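Note sheet for the following structure.
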Amino acid sequence: MQDKKEVRTRFAPSPTGYMHIGNLRTALYGYLFARKEGGKFILRLEDTDAKRYVADAVQIIYDTLKDAGIGYDEGPDIGGPCGPYVQSERADIYKQYAEELVARGGAYYCFCGKERLDSLKDENGVGRYDKHCLHLSPEEVQKKLAAGEPYVIRQNVPEEGSGSYDDLVYGHVSVDFKDIEDGVLLKSDGMPTYNFANVVDDHLMGITHVIRGSEYLSSTPKYNLMYDAFGWERPQYVHLPPIMKNAHEKLSKRNGDASYQDLVQKGYIEEAIVNYIALLGWSPKDNREKMSLAELCESFSLAGINKSPAIFDEPKLRWLSGEYIKEMSAEEFARRARPFLQRSKAFGKYDEAKLLRILQTRVEILSEIPAKIDFLEEYGPVDPALYTNKKMKTDASVARAVLPWAKDCLAGVAAFENAPLYEALVALAQEHGLKNGQVLWCVRVALTGRENTPGGASEMAELLGRERCLARLAAASAQLEQA
């Protein structure tokens with residue numbers, strides 16, 4: 001048993017697939033609170049529901065937490081003083097405590113078969129157990145057990161009164177016991193239900209603060225009945241607001257909404273994802289938005305958690321991801337961007353360092369990279385309409401004059417690099433009494449065949465190199481002459 005004075009939080013996922021955003025937020029808040037309070041953060045796997053178990057999901061949990069920087073002090077793969085940390089390995093523990101709860105009057109053996117349980121259901125298939133087996137005498141119970149009759153152990157919920165507790169986010173919560181059924185605690189196969197296992201495990205692992213979704217607000221009184229029946233101290237509860245897809249729909253793994261892995265595969269920066277998830281339902285006192293994990297640990301407090309649902313705003317996540325990209329070193333950006341760069345048609349055909357330098361300030365998520373530069377290899381006849389820009393006061397006739405000048409001008413630039421190329425084009429505009437933008441727009445369109453590109457005329461010229469640059473200017477100019 002751990003010292004209750006030490007803050008101990010836990011993350012107890014079921015290995016049922018990819019890490020949903022809501023699950024990762026629960027883990028993150030538990031981690032941040034434990035670190036802020038100088039306590040311990042524990043990982044526990046709740047794998048007692050064999051029907052929902054997904055192969056490799058345990059490794060996904062380990063990998064996701066590691067990738068997100070959420071380290072735990074105790075867990076299945078690293079051990080600790082309160083193990084095992086996998087529920088399927090704790091069956092004997094649950095049986096012992098279930099029988100003790102029966103002895104204390106907080107639970108009872110139930111021998112009702114499927115036929116009788118089905119008879120309690122209405123036309124919609126909804127039923128409520130009627131406490132039938134609670135009224136069996138001790139002798140009848142022992143006789144059935146000795147005969148090897150199948151049984152479950154059910155919680156004995158009072159028929160009158162209410163259960164109350166104070167949540168650290170939602171305040172005082174009270175639920176009438178008449179709204180809580182005598183749920184199964186230990187199934188006929190000897191495995192516990194979530195409702196029982198999490199109470200036993202949280203107590204034995206010394207969990208001081210239970211952090212979980214607000215969907216458990218109304219079921220917490222039945223957990224407290226068990227704590228009270230055992231004579232155990234209740235933990236403090238921190239229920240988190242739901243994460244919504246929009247004003248009406250929850251973000252849900254069942255609906256195929258984004259998981260952490262999905263977002264990483266899309267090219268969102270991992271640190272930005274964690275940063276953004278922290279802001280889904282919590283805000284720091286100074287209202288900062290961009291924070292490293294260390295800064296989150298320092299700033300986190302339960303007081304900053306909001307009761308209101310949080311809307312998952314992907315455009316904001318995109319912006320935040322872009323901010324992280326901009327602040328990376330060139331080497332770090334290259335390391336992360338390369339797998340996405342390799343998907344582009346332009347990969348291997350241009351100077352990689354120059355490509356990345358142009359892209360770094362112009363992408364928010366890494367998966368944008370191929371689309372940003374594929375045009376380099378899709379170059380063909382340039383649509384004359386692209387030269388028209390009312391703001392720049394350009395059209396095909398302006399371009400018809402500018403392009404031959406630009407070709408001759410750039411051919412004479414000794415160092416074919418962005419700065420001298422830009423200076424040469426600006427000087428060209430001044431020489432012919434044109435605005436800088438008129439020359440730069442026409443040259444960029446001629447070089448790329450695109451209205452929008454991740455860099456200006458001189459950047460595109462440098463990237464293409466002298467030979468391709470001059471060839472494209474010549475081809476675009478000839479095309480205009482023939483139009």
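Once both labels are positioned 7 Å from their Cα atoms along Cα-to-Cβ, the gap between LEU204 and ALA55 label points is 3.0 nm.
Residues in the stretch 332-483 average 47 Å² of solvent-accessible surface per residue, probe 1.4 Å, ligands and nucleic acids excluded.
When both the stretch 140-162 and the stretch 46-87 are represented by their alpha-carbon centers, they are found 33 Å apart. Taken over the stretch 1-160, the alpha-carbon convex hull comes to 189 cubic angstrom per residue.
Applying both filters, DSSP loop and at most 11 other Cβ atoms within 10 Å, to the GluC sites (Glu not before Pro) of the stretch 244-314 gives GLU249.
Counting protein heavy atoms only, the stretch 169-279 has 48 percent of its accessible area on carbon and sulfur, 1.4 angstrom probe.
Can you list the aspartates and glutamates whose alpha carbon sits under 16 Å from that of LYS435, skipping same-chain ones fewer than 8 residues off? LYS435 reaches ASP395, GLU423.
Compute log10 of I(q)/I(0) for the stretch 1-85 with the Debye formula, placing one identical point scatterer on every Cα and leaving out solvent, at q = 0.13, 0.14, 0.22, 0.25 Å⁻¹, to two decimals. So the normalised log intensities are -0.40, -0.46, -1.08, -1.32. For the stretch 319-362, carbon and sulfur atoms together expose 50% of the accessible surface, with a 1.4 angstrom probe and every protein chain in place. Here's the list of lysines a cross-link from LYS51 could span, going by alpha-carbon distance under 23 Å and ignoring same-chain residues fewer than 8 apart: LYS95, LYS114, LYS187, LYS253. What pairs from LYS250/LYS290; LYS121/LYS144; LYS285/LYS372; LYS40/LYS307 go past 28 Å between their alpha carbons? Violating the 28 Å Cα-Cα cut-off are LYS285/LYS372.
Taking H as built 1.01 Å from N, whose amide H comes closer than 5 Å to the amide H of THR394, not counting residues under 5 places away? So THR394 has HN proximity to ASN389. Once both labels are positioned 7 Å from their Cα atoms along Cα-to-Cβ, the gap between ILE78 and GLU378 label points is 4.6 nm.
Altogether, the Stokes-Einstein calculation at 20 °C and 1.002 mPa s, with the Kirkwood radius of the stretch 31-76 over Cα pairs as Rh, returns a diffusion coefficient of 180 µm²/s. Think of the stretch 65-137 as a dipole: +1 on every Lys or Arg Cβ, -1 on every Asp or Glu Cβ, centred on the Cα centre; then among CYS82, TYR94, ILE70, TYR94 lies furthest on the positive end.
Each 5 Å bin from zero holds the following percent of Cα-Cα pairs in the stretch 368-483: 2, 13, 26, 26, 21, 10, 2, 0. Only helical DSSP H runs with n ≥ 4 go in: add -39500 (n - 2.57) per run for the chain, normalise by residue count and round the 222 nm mean residue ellipticity to 500 deg cm²/dmol. So the helix-based figure for the chain works out to -13500 deg cm²/dmol.
For the chain, CYS82, CYS112, CYS297, CYS409, CYS442, CYS469 have no disulfide-compatible partner, since no other Cys C-beta lies under 4.7 Å from theirs. Normalising the average separation of contacting C-alpha pairs (under 8 angstrom, six or more residues apart) by the number of residues puts the relative contact order of the stretch 189-285 at 23 percent.
Farthest towards the positive end of the charge dipole of the stretch 117-225, among the residues LEU204, PRO158, CYS133, is the Cα of LEU204, using unit charges on the Cβ of Lys, Arg, Asp and Glu. Note on GLU431 and ASP166: the model spin-label points, each 7 Å out from Cα along the C-beta direction, lie 8.0 nm apart.
Based on Cα contacts under 8 Å between residues 6+ apart, the chain shows a relative contact order of 12 percent.
The charge dipole of the stretch 168-223, taken about its Cα centre with unit charges on the Cβ of Lys, Arg, Asp and Glu (plus for the first two, minus for the last two), comes to roughly 100 debye.
For the stretch 2-61, give the percent of accessible area contributed by carbon and sulfur heavy atoms, probe 1.4 Å, rounded to a whole number.
C and S atoms contribute 46 percent here.
Could you give log10 I(q)/I(0) at q = 0.10, 0.11, 0.12 Å⁻¹ for the chain, computed by the Debye formula over C-alpha point scatterers of equal weight, without solvent? Taken in order of the listed q values, log10 I(q)/I(0) reads -0.84, -0.94, -1.05.
What the stretch 153-277 shows is 39 Å² of accessible area per residue, with the surface traced by a 1.4 Å probe over protein heavy atoms.
The values are calculated or read from the model by the stated rules, or taken from the named source; none is laboratory data. Predicted model, so just to flag it, every value in this text is computed and none were measured. Virtual Cβ from ideal backbone geometry, glycine too; neighbours counted across all protein chains shown. These accessible areas exclude ligands, DNA and RNA; they are computed on the full protein's heavy atoms, side chains included. Shrake-Rupley method; radii C 1.70, N 1.55, O 1.52, S 1.80 Å.
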